[in-house]
Each structure stands twice: as structure tokens, then as C-alpha cells.
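Right, one structure below, let's go through it.
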Amino acid sequence: FGQMNSKDRRNAVSKEDLARATLVTITNNIGSIARMCAVNEKVER
């Protein structure tokens, strides 16, 4: 998403690329939140 400030890059990207980037970002955020909660609760693997 960081490269979407450039008009040329916005025109070159497909909707599928944006959907995949969104999915990866959301997945990483969920993983980070889950890890943070596990560390907070002192959960071991």
C-alpha cells in the first residue's frame, strides 16, 4: 500500500493485487494481535 501514493503505480496495479495485499495485511495484523495477547497472558506454545 505504501507505493500507492504514485499515480503511475496506482494505474499499474490490478484489483487482484490490491485484494491480495489487503488480505496479507489483515492476516499479519491478526497474527500480531494474537501473539500480543498470548504474551500478555503468558501462554506457552
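The values are calculated or read from the model by the stated rules, or taken from the named source; none is laboratory data. All figures in this text were calculated on a predicted structure; none of them were measured in a lab. Here the Cβ positions follow ideal geometry from the backbone for every residue, glycine too, while neighbour counts run over all protein chains shown.
Any chance region 1-22 includes a residue that's of a type in the set (A, V, I, L, M, F, W, C), assigned to a loop (DSSP other than H, G, I, E, B) and touching a helix residue (DSSP H, G or I) at 6+ places or on another chain (Cβ under 7 Å)? Yes, region 1-22 has at least one match. Going by what's in this entry, would Lys42 be described as at pLDDT 95 or above and exposed (fewer than 10 other Cβ atoms within 10 Å of the Cβ)? In short, yes.
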